[in-house]
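A.B. asks: Provided herewith is a single structure, encoded as C-alpha cells, for subsequent inquiry.
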Amino acid sequence: MKQSFNQSLTISDSHRNTRLQLCLLTLLIVAAAISLPVAAQSIQVPQPSPGLMPNPAAGKALFEKSCASCHGANLQGNDKGPPMLNRIYEPSHHGDAAFQLAVKNGSRAHHWKFGDMPPVPGLTPDDVAQITAYVRLEQRKAGIQ
Ligand code: HEC
C-alpha cells in the first residue's frame with residue numbers, strides 16, 4: 001500500500017515536471033513570436049541618394065551585368081531564376097525596398113523552385129534604384145503595374 005502511494009507520488013511529480021517544461025516552452029515560443037516582428041522591423045533597407053532620378057537605360061546595363069544571368073536578358077527568367085515580368089513582382093507585391101533587400105541580403109526561395117537568390121555584391125543602393133526603374137518600365141510595357 002505504502003509503495004503504491006509512493007509510486008503515484010513519483011508519477012504526479014514527473015507530470016508536474018512535464019507541465020512545467022511545457023509552460024516554459026510555451027513562454028519561449030510566445031517570446032520568440034513577439035520579438036520576431038520587432039527584429040523584422042529593424043531591418044535596414046538601403047536607401048538611394050536623395051534626389052536621385054533613376055535612369056532605366058543605366059539600369060538596363062546594370063541588370064544585364066548583374067541580374068540577367070538568373071532573371072533572363074529580357075526579364076523573362078531562365079533555368080536559374082524567375083521572370084521579373086510576372087504579377088508576383090508588380091510594385092504592390094514587391095515594392096522597391098524588396099529589390100534593395102534582395103540584392104543586399106539575397107532572398108530565400110519562397111515563390112519558386114529555383115533555390116535561394118544569393119546576395120549580389122558590388123552594387124550601390126543607387127545602382128539598385130536604376131535597375132528597379134528599368135524593371136518597372138519593362139513591367140509597365142508588359143501591362144504589369
Ligand atoms: C544566382 C541567381 C540570381 C541572380 C544573379 C539574381 N537573382 Fe534575383 N532571384 C533569384 C531567385 C532564384 C529568386 C526567387 C526566389 C523565390 O522567391 O523563390 C529571386 C528573386 C528576386 C527578387 C524577389 C525577392 C523577394 O522579396 O521575393 C528580386 C526583387 C530580385 N530577385 C532582384 C534581383 C536583382 C535586381 C538582381 C541583380 C542585381 C538579381 N535579382 C540577381 C536568383 C537570382
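Laboratory data are not the source of any read-out in this text; all were calculated from the coordinates shown. Bear in mind the structure is a predicted one, so any value in this text is a computation, not a measurement. So basically every Cβ, Gly included, is an ideal-geometry build from the backbone, and we count neighbours across all protein chains shown.
A.B. asks: Does Leu62 satisfy the condition of being buried (at least 16 other Cβ atoms within 10 Å of the Cβ) and within 20 Å of the chain's Cα centre (by Cα)?
C.D. replies: No: the conditions fail for Leu62.
A.B. asks: Looking at Ala97, Ala129, Ala109, Ala102, which one is more than 6 Å from the ligand (Cβ to nearest atom), aliphatic (A, V, I, L, M) and under 13 Å from the mean Cα position of the chain (by Cα)?
C.D. replies: Working: Ala129 fails: under 13 Å from the mean Cα position of the chain (by Cα); Ala109 fails: more than 6 Å from the ligand (Cβ to nearest atom); Ala102 fails: more than 6 Å from the ligand (Cβ to nearest atom).
The conditions single out Ala97.
A.B. asks: Could you check, for region 115-133, whether at least one of its residues is in contact with an Asp or Glu (Cβ under 9 Å, 6 or more places away or on another chain), on the phi < 0 side of the Ramachandran plot, surrounded by fewer than 19 Cβ atoms within 10 Å (Cβ to Cβ) and without any contact (Cβ under 8 Å) to a residue 12 or more places away in the chain?
C.D. replies: No.
A.B. asks: Looking only at region 60-74, count every residue that is part of a helix (DSSP H, G or I) and near the ligand (Cβ under 9 Å from one of its atoms) and tell me the total. Break it down stepwise before answering.
C.D. replies: So in region 60-74, the residues part of a helix (DSSP H, G or I) come out as 60-66, 68-71.
Filter once more, keeping what is near the ligand (Cβ under 9 Å from one of its atoms): 62-63, 65-66, 68-71.
Here the count works out to 8.
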